[in-house]
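Data block below; observations after.
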Number of protein chains: 2
Amino acid sequence: MLSGKARGRISARTEEAVRAAAAELGYRPNVAARALRTGVARSVALVVPDITNPFFGRVLRGAQRAAQEASYTVVLVDIGNNRAWEAASVEALLAGPADGLLLFEADLPPGTSEHAIQIEMAPGGEFPVVRLDVEAGVDHALDHLLELGHTKIGHVASNFDAPTFDLRAARIAARLGPVPTVMAPFTFEGAKVAAAAMLDEDVTAVFCDDDILAGGLYLAARERGVSIPGDLSVVGFDDLDFARVLAPPLTTVAVDAEGLGALAFSALAADLAGESVPPEQVMPVSLTVRESTAPPA
Amino acid sequence: MLSGKARGRISARTEEAVRAAAAELGYRPNVAARALRTGVARSVALVVPDITNPFFGRVLRGAQRAAQEASYTVVLVDIGNNRAWEAASVEALLAGPADGLLLFEADLPPGTSEHAIQIEMAPGGEFPVVRLDVEAGVDHALDHLLELGHTKIGHVASNFDAPTFDLRAARIAARLGPVPTVMAPFTFEGAKVAAAAMLDEDVTAVFCDDDILAGGLYLAARERGVSIPGDLSVVGFDDLDFARVLAPPLTTVAVDAEGLGALAFSALAADLAGESVPPEQVMPVSLTVRESTAPPA
DNA sequence: TTGTAAGCGTTATCAG
DNA sequence: CTGATAACGCTTACAA
């Protein structure tokens, strides 16, 4: 009765009384028993590549907020940027605790029949995808640079193999043709050494796949005495909190990470409820212009 | 039998055969049924104030790694810096999914008999606590500043009410007596406006309760044209990734957030296993000296 | 409107 | 060493 399925079967007075008594005694339905009986755990798993990256923290918060509202619980799986762990981790989830999966840049062993939503992946796969409008993001960034008068633009790309980064590269190529490119890892230190090579290229502006990569470029530029934006304009992607506090503040593509997480959860909830969910949903992005971009010298 | 409780009751050959068949058919024990029968879900909940803060991301990763090794699952609850949500959120957990709680700067309704570990809280409460050696952290920072020759030191304190911040203030007071203090919120923008007031004080160095607060101070200093460390030395706390990329790189107290998370999980696991756990465990910290500190002008 | 009973998939116990 | 059986706490269907 406490599950709310009593529609009109019992009197309001009785219901009231029972609820009061339940509250009085501190009664809590046993979720394990309910899960066993109904086959539904009201819990979803979120798989992220690196929870240490603040971007995923925001996605997680969005998903968790939405989940909480629907009285779902979210269990976190952090792949730790280590693809080897991925299979094992996801495998563990399939064993049961989760009704469905929110997969951020992760794949499922093919044929595994499970409810899942993929985040920031290419559409056309087995599961619905929810993603950022990456193409619009690079368009905004490139338009801004082009308007400023830059013609020699470089690309500091992520060396993490994920569709979202392929999309960035493809869009840049489509707009500008081949451009000087370096691949950088997702840490300030690593990105710094990788990005240093970009300073030897003949470019007046660079687009970075992510703010962290831009941070690495800042480090390299500082070490080499190249001034931003005087000698080099730089634009990042994600608008992480620290972009604001860089010197100079970073011009970057702002994305709604929490919204992305929340949207992914809603899609999964809809799927679990048997509703049909669109094969692809994309979140708009915008450009936040700060002080790291200026006309070329 | 698959639960491994068959110690010598069946032959190795039989066991082998059964396991093979199980793997063949893709059999997975149903966790809900197991949880119902055994009363144990092999799952713990981690409650954090703000998952958006990279510090908690690191704690979460540490806890998750340790949990995964023990084949536990961790469910996340993000309070969102909103104390009002806290009770409701924790309440939801008590309903069942979690065998135990990892409470970061959170309290449990008193008397709630549950297995829990408190992180970064004052010892002496109902549950064992695991925390950073905050006192040593401020000692390191203060010693460093004192050695540099600073005598007029200010304190940018967190306005978030948590024992760890009380500890910092108490230690500073014990070492230096009353010092100019401003309270700042946990965002760059908010901290910037709060920290601006510190620039009007007669101080040559500032200790910040957290790197984020230090970032706010950087912003205020930049706006007012005060140079770091020329006019003002600043030291932060936590050694978040972005501390490295600030200009100048921030001198800060480095803490092992992942280790903290892992330690907290182990303590909880021990508690769950019926082992006794020490009422207080503290993690050592160290000072990372970078370029935001120098002798007073 | 209310009561009763079956069964979800495990694990544990107790005879065989 | 093996096989049958009860019980965990809940939901649901059906009988009263």
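No lab work stands behind these numbers, since they all come straight from the coordinates. Everything quoted here is computed from the prediction, not taken from an experiment. Every residue, glycine among them, receives a Cβ derived from its backbone with ideal geometry; neighbour counts consider all protein chains shown.
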From the label point of B:ASP200, set 7 Å from Cα along Cα→Cβ, how far away are the matching label points in the other copies, in nm, ordered shortest to longest? 5.2
List A:VAL203, B:VAL282, B:VAL44 from most exposed to least, where exposure is judged by having the fewest other Cβ atoms within 10 Å. B:VAL282, A:VAL203, B:VAL44
How much net charge surrounds B:GLU223 when only the other residues with a Cβ under 15 Å from the Cβ of B:GLU223 are counted, with Lys and Arg +1 and Asp and Glu -1? +1
Ascending list, in nanometres, of distances separating the A:PRO295 label from those of the other copies (7 Å, Cα toward Cβ): 4.6
FRET efficiency estimate (nearest 0.05) - Cβ-Cβ, A:HIS115 to B:ALA20, R0 41 angstrom: 0.90
Which FRET efficiency value, to the nearest 0.05, is calculated for A:ARG28 and B:ASN30 with the Förster distance at 25 angstrom and r the Cβ-Cβ distance? 0.70
Going by the alpha-carbon gyration tensor, a ≥ b ≥ c the square roots of its eigenvalues, is region B:134-256 rounded (a/c under 1.5) or, if a/c is not under 1.5, prolate (a/b greater than b/c) versus oblate? rounded
Tell me which residues come under 5 Å, amide H to amide H, from B:GLU120 once H is placed; ignore anything under 5 positions away on its chain. B:VAL130, B:ARG131, B:LEU132
Calculate the length of the line joining the C-alpha centroid of region B:157-187 to that of region B:224-252, in whole Å. 18
Be a star and scan region B:154-170 for residues whose amide nitrogen sits under 17 Å from the point 7 Å along the Cα-to-Cβ vector of B:ASP202. B:154-155
Using the basic label-point model (7 angstrom from Cα toward the beta carbon), what is the B:ARG224 to A:SER276 distance in nanometres? 6.2
Put a dot 7 Å past each Cα toward the Cβ at B:GLU291 and B:VAL40; how far apart are the dots in nm? 5.4
